[in-house]
Amino acid sequence: MKHRLEQSTKALNTLIEKRGNKFYPQFHLAAPAGWLNDPNGLIYHDGLYHAFYQHHPYSQDWGPMHWGHATSTDMIHWQHQPIALAPGDDYDKSGCFSGSAISHEGKLYLFYTGHNWLAAEGDDSQIYEAQCVAISEDGIHFEKKGIVLEPPKGYMHFRDPKVWYQDGKWWMVVGARDEKDQGQVLLFSSETLFEEGQQWNNDYTVLGKTDDKNVYMWECPDFFPISQENEFAIVFSPQGKRAEGYQYRNLFQSGALIGQWSPNQPFKPQGHFIELDNGHDYYAPQSFTTPDGRRVSMGWMDMWNSPMPSKSEFWSGCFTLPREITFDKSKNRLRMIPVKEVESLRQEKQTIQPLTLSNQSIELINNTTAIELDLTLSLDSHAEKFGLWLGKGLELFVDNQSNRLVLNRHYPQHNMSGARSIPLPEGCELNLRIFIDRSSIEVFVNKGEFTFSSRYYAQQDTQTLRFFAMNGDATLINGQYWQLNSIY
Ligand code: FRU
């Protein structure tokens, strides 16, 4: 692998020199150049947070998958590290696909999928996928150890291992597609994490499976406890789901199934699949635990097959902010808020005076290159619609006709248009915590009850944020914002 790592580093360095910055994030993790997709191997190990990611260091497009790597002391400020994994061995000829990390007895273990095209490159009808491991003593350089789990009979699409330790055993969930082309999550266990020359037993149970005949694959499964009472969430990214009304509008979705589980018992779902995020760009989230016991998750803030104008700058793809996940038992759903560490990016606090507008708009912030904004709006309004305009192409507004909060983007020059929305939360006030970076917006509604993550691509570097009310009045009860420091 050493030679291939050197080659890919060289290629990456050439891209870094060409990389443009108009869309490059100021406070979200992205590859230094080239392509990035799923978060991989998120973990706290030996005093540092590690984030790996699906990476193609040779270009801004998806290609043979490597694992990029960054480390951080606070999950916010990241330092790029050398590429961790390069594909090309017998068991990962066509790519080192997604997976997870384990910190064990001082070593860092990466579990990933060795992906192999058996016919033509890109021909998904003939592939071989098996789970592999690579180990590091220093947290930076990894030695591949080959396959640790072969696919059980009948499974060809079999990827994205997530490993954890519980009740005296190691457990692994893997995303799969059965012989009838139905998405599933398979569960494996092992007494030992890794032993030279040995594999995990590939006896499995089906932890969860689709009840929607269109869903042919569950990618990137994650499985974790959400209460003290054996309640767990399976978070996964189904492929094939059809749009239904306001839901499942992205090409693929990511969401959670909540249920009861204990080792050696089947998972008993209570409720149905709920999307974790409601924006245009959110996929393949992965979670880990912090030393103080928080469950934190990051997702890929993009979507397969969507236009990615940053490719003109020789990079594509970034993560969401790290988000703390909690379980709202009364609503039987997960909530996400940004981890408290993001507050370390804030410059001086600016206050927005309360105001009521009638059929007009007013500038709130002139430079929105990197800001956090906290607004409380009154829902007692008769305006047809009211909310925020960001530059020319983006609007976040309350639609009083459909009773929904809508995030609409319109960038015809990039072939990128469309609205995502959520039902208006109950109550007479709406709290919006918003993070705007050079090409992304994240909105946390009512302290994480709902979130929107979307990319946007404006013409200018800086643009204004305006508050508007159309055909009626609207009241901003209070607001504050901070310019944010760059993490680079
Ligand atoms: C999800 C995914 C994974 C796969 C990886 C390949 O976005 O398709 O299932 O491991 O991306 O880059």
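The values are calculated or read from the model by the stated rules, or taken from the named source; none is laboratory data. Everything quoted here is computed from the prediction, not taken from an experiment. Cβ placement follows ideal geometry from the backbone for every residue including glycine, while neighbour counts extend to all protein chains displayed. All accessible areas refer to the heavy atoms of the entire protein, side chains included, with ligands and DNA or RNA removed. Shrake-Rupley method; radii C 1.70, N 1.55, O 1.52, S 1.80 Å.
A search for C-beta distances below 6 Å between a residue of segment 58-84 that is within 14 Å of the ligand (Cβ to nearest atom) and any residue that is assigned to a loop (DSSP other than H, G, I, E, B) and at pLDDT 95 or above, counting only pairs 6+ apart in sequence or on different chains, returns Pro64/Pro87; His66/Pro57; His66/Ala86; Gly68/Ala31. Restricted to strands (runs of 3 or more DSSP E) entirely inside segment 300-384, those with at least 1 residues that are outside the structural domain of Thr451 (by TED's automatic domain parsing) and of a type in the set (Ser, Thr, Tyr) are 323-328.
Hey, among Lys144, Lys107, which residue is assigned by TED's automatic domain parsing to the domain that holds Trp164, open to solvent by 50 Å² or more (accessible area, probe 1.4 Å) and within 21 Å of Lys2 (Cα to Cα)? Before you say what the answer is, go through the steps one by one.
On the way: Lys144 fails: open to solvent by 50 Å² or more (accessible area, probe 1.4 Å).
Only one candidate passes the filter, namely Lys107.
(1) polar (S, T, N, Q); (2) under 26 Å from Tyr246 (Cβ atoms); (3) surrounded by fewer than 17 Cβ atoms within 10 Å (Cβ to Cβ): which one isn't true of Asn485, the others all being true? It is condition (2) that Asn485 fails.
Would you tally the residues in segment 252-281 being open to solvent by 10 Å² or more (accessible area, probe 1.4 Å) and within 18 Å of Ala51 (Cβ to Cβ)? Of the residues in that region, 0 qualify.
Could you identify the single residue in Ser287, Ser330, Ser306, Ser312 that is crowded, with 19+ Cβ neighbours inside 10 Å and at negative phi? I'd like the intermediate steps shown before the answer.
Details: Ser330 fails: crowded, with 19+ Cβ neighbours inside 10 Å; Ser306 fails: crowded, with 19+ Cβ neighbours inside 10 Å; Ser312 fails: crowded, with 19+ Cβ neighbours inside 10 Å.
Just one listed residue meets the conditions, Ser287.
Taking the criterion of being open to solvent by less than 10 Å² (accessible area, probe 1.4 Å) and at pLDDT 95 or above, the residues of segment 364-387 that qualify are Ile365, Ala370, Ile371, Glu372, Leu373, Leu375, Leu377, Ala383, Phe386, Gly387. Within the option set Trp117, Trp170, Trp164, being surrounded by fewer than 21 Cβ atoms within 10 Å (Cβ to Cβ) and within 16 Å of the ligand (Cβ to nearest atom) holds for one residue only, Trp117.
Conditions tested, residue by residue: (1) more than 16 Å from the ligand (Cβ to nearest atom); (2) buried (at least 16 other Cβ atoms within 10 Å of the Cβ).
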position	(1), (2)
Glu196	yes, no
Thr210	no, yes
Tyr216	no, yes
Phe232	yes, yes
Val235	no, yes
Pro238	no, yes
Ala243	yes, no
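Of the residues screened, Pro425 is not one that is free of Cβ contacts under 8 Å to residues at least 40 places away in the same chain and either in contact with a helix residue (DSSP H, G or I) (Cβ under 8 Å, 6 or more places away or on another chain) or open to solvent by 20 Å² or more (accessible area, probe 1.4 Å) (or both).
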